[in-house]
There are 4 protein chains.
Amino acid sequence: MDDYAQILSDVMALVSREPAEGSVATYIPELACIEPDKFGLALKCVDGPAFAVGDAQERFSLQSVAKVLALSLALTVDASAVWARVGVEPSGNPFNSLVQLEYERGIPRNPMINAGALVVSDLLCEAFEDPLGELLAFARELSGSDDVSYDQDVADSEYTTAFRNRALLNLMRDFGNIHGDVERTLQLYTKFSALAMSCEELARTFLFLADHGRCLSPRYAALTKERIKRINAIMLTSGFYDEAGEFAFRVGLPGKSGVGGGIAAVCPDRFAVAAWSPRLGDSGNSVLGTQALAEVARRTDSSIF
Amino acid sequence: MDDYAQILSDVMALVSREPAEGSVATYIPELACIEPDKFGLALKCVDGPAFAVGDAQERFSLQSVAKVLALSLALTVDASAVWARVGVEPSGNPFNSLVQLEYERGIPRNPMINAGALVVSDLLCEAFEDPLGELLAFARELSGSDDVSYDQDVADSEYTTAFRNRALLNLMRDFGNIHGDVERTLQLYTKFSALAMSCEELARTFLFLADHGRCLSPRYAALTKERIKRINAIMLTSGFYDEAGEFAFRVGLPGKSGVGGGIAAVCPDRFAVAAWSPRLGDSGNSVLGTQALAEVARRTDSSIF
Amino acid sequence: MDDYAQILSDVMALVSREPAEGSVATYIPELACIEPDKFGLALKCVDGPAFAVGDAQERFSLQSVAKVLALSLALTVDASAVWARVGVEPSGNPFNSLVQLEYERGIPRNPMINAGALVVSDLLCEAFEDPLGELLAFARELSGSDDVSYDQDVADSEYTTAFRNRALLNLMRDFGNIHGDVERTLQLYTKFSALAMSCEELARTFLFLADHGRCLSPRYAALTKERIKRINAIMLTSGFYDEAGEFAFRVGLPGKSGVGGGIAAVCPDRFAVAAWSPRLGDSGNSVLGTQALAEVARRTDSSIF
Amino acid sequence: MDDYAQILSDVMALVSREPAEGSVATYIPELACIEPDKFGLALKCVDGPAFAVGDAQERFSLQSVAKVLALSLALTVDASAVWARVGVEPSGNPFNSLVQLEYERGIPRNPMINAGALVVSDLLCEAFEDPLGELLAFARELSGSDDVSYDQDVADSEYTTAFRNRALLNLMRDFGNIHGDVERTLQLYTKFSALAMSCEELARTFLFLADHGRCLSPRYAALTKERIKRINAIMLTSGFYDEAGEFAFRVGLPGKSGVGGGIAAVCPDRFAVAAWSPRLGDSGNSVLGTQALAEVARRTDSSIF
């Protein structure tokens, strides 16, 4: 049996000796003031035990990591509507989401890119009277923390400057793939992107992807084993901006990163793991977070390849 | 000397024998109810005389033809600001304005495509407290008709469904090339696009481009001969969506078309001419309007080539 | 323990009841005359046993499946040269390999697309005096069949009509990423694409990817566990043209398909599996081959997700 | 009447005071050794007189200027075949000819870009047993110099390194828009691009475009007034790489530039003019050549706008 406590401790010791590379995201003004040298790491086993080191109790902004939660919740409502409006293929474009969206007539390549998550947000607005409330309830059940919520300042900060997301929304509206009000959809999107969790909470939250949904309450029974495999497959091929292939090799686990510096990943049937370090590399993924997960995967021999 | 009255009359007789090809624009709902077989043609000489046949006194929606007026007015305010924010090269893309805009970081290729005219609209909003009033005053002076105005129903109809223009505006806002409020800029844009004129009024309006500005009042003295040559050059290379090259050959005059079925063109030092026929070809240009202008140019030997 | 013999037999019975969908590839004239209703399936365990049903002893043209062998051989020569000249990210473009290649200045996105495999071919031409001989030796050792070879007619047929590959080669030559003679590189490429194997041979051939290289002779010791994980990761994100995401979900195993109708896949630490059915779906992958592998994965619970 | 002799002399004096900006083309090795400060200017009137200053008797490499001759000759053979295989619209892409060619399925936007001129070259190879001989005969008749020919070293130099043109040719061959042997077409293309003329010869050569073909011998009677207007229209919208709009404004004459530093232009019904200065600006057009023509056009009041 793996001694996860020892492994996490060793990994933190290792990455703490690394030089400080990368820099904190600045495109959302409110995120720019984060302490760059924070580091947290937490692991939650499917059979119960949990482990954590460093700043693993401190909350940070999930940002794109939350796209996985929004997608999962949408799949509990109407999975076929989701896959009619969003693809499942990697996008392979570091920079030009609008280009592909225009050529493919408003159907985003997958739900991990902004355009896809905006469609998911529109679906949630259609499905629920209080979509934000539903999403918070989902996040609270998964994380086991009743006070998990979003950061209003971060949400406001992103909302004010979200011109590119408005461009995506209006283009998709023109193609008929956004049904509701653009600003309402964007409000929900910026709020769920501003969800704040600690590494411990995030590892617990992703556990349902590692145990194929067994830990879910009956309310979310629509998240079947098949649907969870699809979410994992999408995370592996599309979860890391333009470094999905690199992450698949270095870490070898399905996962999702966010510009807040967090990464969550799962080893099916074994564990969920979350890392946090705010300094980002060129592709927008946490430098030390990636390295920590690579080490965890190597030391636990858990790469799926 | 050309007998313009005879030529216009002959041309109308000629095109009236043509089969009814093409169809009325439908993307702006309010435009779809236009009578498709209307036909007007008017010509105004730089030295005074004016001629008209058919429905040349009936007003129609200028749509993109009005982009020339917006550009001209912007050039009276700050020409260097215009050319810092909009290019002068043809776009060569029938379909993908967003693509080029993304690759070229928010600088539209020229002021005759939507993206470029939206930047011009933003410039007018910055320059004037009442940009619409200024534009109406300009259109009224040029046309000689004090009651020239925009059609509120057409403007509303376009505004409500202008999702693609909102996508363009927000993308350019993200790149920093739209400075003001997106909705205010769009309001002005849809209103000046809804300007309504008759062929007679439109030929008079474009006369300043044929006489290099001599007919303008001192208020618009900034429209120098050099600037007017630039406007004419841009119309020739970019005035007809993806048929600029074809129009340059068939007609051989700088001009601008609109989806309302109107086309205005100029023969430098000789005349301005306007045609109207609502049926559009595949590229969005009036089928009979183009044919009528080709015949006028041929019979007056006025192609610039 | 899984009863693989029973599972393979059941899966063949299942797919044999399916309607005949998809059609045989025609772009290489010589491939068009294949019997469309052939079906073979073979599985080789890392601990020895092998199983096969249907036409699993009949050879077919590997086509793109052979890209994995070319890449593997190149990695035994100079892995850092490979990754300096070819990327590891999914391409996400169903159609426009030249577009991406032009924007990314001649560096193909990954070695599973044509452009990437052509660079690999150029690398092999640089590294070996007799690159084809080396590749055949590699294929023979892996497959355990001394008479595995390429089909000269198929190679000729593809070579004669390979204009798009010549376009790719010349574009990359212009960018400096093809070093040797374009026609020599293309000769090697069309020959290794014309490698012919049976499902049994192909399953044996891919075994080194399932057992992390333990079955390889010392000659290929450079194929370390780490390098093999990278190959598997690339197959998962990029092995199925524009259906990588769909295959990752439906089957959940790293693999590679070819327009000859073959698919090879691996379940790390358990087995390699090969299916063959010449009818292809819209994205160029074998319809029944995919379905068969999906069933094998489901019944052996071997999806990596 | 204009005193052309004085104007040319004044213009040369003017540009000779300009600082030396831009640099000689280097992508064809043989062109890189040209003396950068050469300057020639020649003008030929439709009614006979000719004028020249500076190095106007010295020959230089026509490069893309020769595309106009190849197109004109092809139009004497089969104009409808030309327009079925090449468009007439500006391309609007500074850099990505392959992109547009791929999206538009092998039909080049116009005959002034490389792809279009390669199709023209293929047409000439189809039409004539000795296409190069025909082209030389055409160039000699037009220029009035029996010894006009191509520079073998320049042609060889370009041919050896013409990988991008080979990419274009093979891509178009794949789409069926190149019919003959790729290398033969490329040979002809590099040879006619290496045509060498002086400014005096070039101005005479372009005279047929200024006088609508009246100076042509009966052998080229197929170059009707209509066809010549089309050539002029194409030069205006597409003759200057990504500076067509800028040239249309600054000079206001249809013309064509080449990376040898030459530019030829025409004022319909008045004159043809040729300038040569090897230093090129960012878009590949001669810096002083453009400036000289702008001055000539201004001082002769010959802008068509």
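Tabulated results
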read-out: Computed E for B:E18/D:R298 - FRET, C-beta separation, R0 35 angstrom, nearest 0.05; value: 0.25
read-out: For C:233-239, mean number of other protein chain Cβ atoms within 10 Å; value: 6
read-out: Expected 222 nm ellipticity per residue - DSSP helices of 4 or more, -39500 (n - 2.57), all of the protein assembly as shown, to 500; value: -14500 deg cm²/dmol
read-out: Neighbourhood charge, 10 Å Cβ-Cβ cut-off, centred on D:V120 and excluding it, Lys, Arg +1 and Asp, Glu -1; value: +1
read-out: log₁₀ of I(q)/I(0) at q = 0.11, 0.20 Å⁻¹ - the range B:1-126, Debye sum with one point per alpha carbon; value: -0.61, -1.10
read-out: Pairwise centroid distance, computed over Cα atoms, of the range D:151-206 with the range A:195-229, Å; value: 62
read-out: Solution diffusion estimate, µm²/s, Stokes-Einstein, the range A:122-202, Kirkwood Rh from C-alpha pairs, 37 °C, viscosity 0.692 mPa s; value: 243
read-out: Leading residue at positive end of dipole, the range A:1-154 (Cβ point charges), from A:V77, A:V88, A:I28; value: A:V88
read-out: Sulfur and carbon atoms: percent of accessible area, the protein assembly as shown [1.4 Å]; value: 47
read-out: 1.4 Å probe accessible area per residue over the range D:56-120, in Å²; value: 25
read-out: Debye log10 I(q)/I(0) at q = 0.20, 0.21, 0.27 Å⁻¹ for the range D:60-140, Cα point scatterers; value: -0.87, -0.94, -1.33
read-out: Net lengthening on full extension, A:D153/A:C33 (0.36 nm per residue, minus Cα-Cα); value: 42.0 nm
read-out: Solvent-accessible area buried by pairing A with C, both sides, nearest 100 square angstrom, 1.4 angstrom probe; value: 2700
read-out: Kirkwood hydrodynamic radius of the range D:234-276, from inverse mean 1/r over distinct Cα pairs, in Å; value: 10.3
read-out: Inter-chain Cβ neighbour average for residues C:100-110, partner chain, 10 Å; value: 3
read-out: Taking all pairs of distinct alpha-carbon atoms in the range D:112-258, Kirkwood radius in angstrom; value: 16.5
read-out: Distance in nm between pseudo-label sites at B:T161 and B:K225 (7 Å out along the Cβ direction from Cα); value: 4.6
read-out: For the range C:1-71 versus the range D:234-283, the gap between their alpha-carbon centres in whole angstrom; value: 61
read-out: Rg/Rh for the range A:196-305, where both radii come from Cα atoms and Rh is the Kirkwood radius; value: 0.96
read-out: Within 10 Å of each Cβ in A:242-254, the average number of Cβ atoms from other chains; value: 6
read-out: Rg/Rg_ref, chain B, where Rg_ref = 2.2 N^0.38 Å and atoms are Cα; value: 0.92
read-out: Across the identical copies, how the B:T160 labels are spaced - nm, sorted shortest first, 7 Å along Cα→Cβ; value: 3.4, 6.2, 6.9
read-out: Nearest residue to the symmetry axis between B and C, taken on chain B by its Cβ, in whole Å; value: B:Y103, 4
read-out: Efficiency of FRET between B:R105 and C:E104 - r from beta-carbon atoms, R0 22 angstrom, step 0.05; value: 0.75
read-out: Label geometry 7 Å along the beta-carbon vector: B:I34 inter-copy distances in nm; value: 4.9, 5.3, 5.5
read-out: Residue-normalised accessible area of the range C:192-305, given per residue in Å² at a 1.4 Å probe; value: 25
read-out: Net dipole in debye of the range B:204-305 [+1 Lys, Arg Cβ; -1 Asp, Glu Cβ; about Cα centre; nearest 20]; value: 440
read-out: Cα-based Lys proximity count in chain B, under 26 Å, for pairs eight or more positions apart or on separate chains; value: 14
read-out: Calculated label separations, D:R17, copies of the chain, 7 Å along the beta-carbon direction, nm; value: 6.1, 7.1, 9.4
read-out: Diffusion constant of the range A:165-243 at 37 °C, which comes from Stokes-Einstein with the Kirkwood Cα-pair radius and 0.692 mPa s, µm²/s; value: 215
read-out: Debye intensity ratio I(q)/I(0), log10, the protein assembly as shown, q values 0.05, 0.06, 0.07 Å⁻¹ (C-alpha model); value: -0.41, -0.59, -0.79
read-out: Environment charge at D:D156 (Cβ cut-off 14 Å; Lys +1, Arg +1, Asp -1, Glu -1); value: -4
read-out: Among B:259-267, C:44-52, the order from most to least packed when residues are scored by Cβ within 10 Å on average; value: B:259-267, C:44-52
read-out: Efficiency of FRET between B:A137 and D:A137 - r from beta-carbon atoms, R0 60 angstrom, step 0.05; value: 0.45
read-out: Contact order relative to length of the range B:1-146, as percent, for alpha carbon pairs under 8 angstrom and 6 or more apart; value: 17
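The values are calculated or read from the model by the stated rules, or taken from the named source; none is laboratory data. Every value quoted in this text rests on a predicted model; they were computed, and no experiment measured them. For neighbour counting, all protein chains shown are included, and Cβ atoms are generated from backbone atoms with ideal geometry for every residue, glycine included. Ligands, DNA and RNA are stripped out before the accessible areas are found, and what is left, the full protein with its side chains, is counted by its heavy atoms. Shrake-Rupley method; radii C 1.70, N 1.55, O 1.52, S 1.80 Å.
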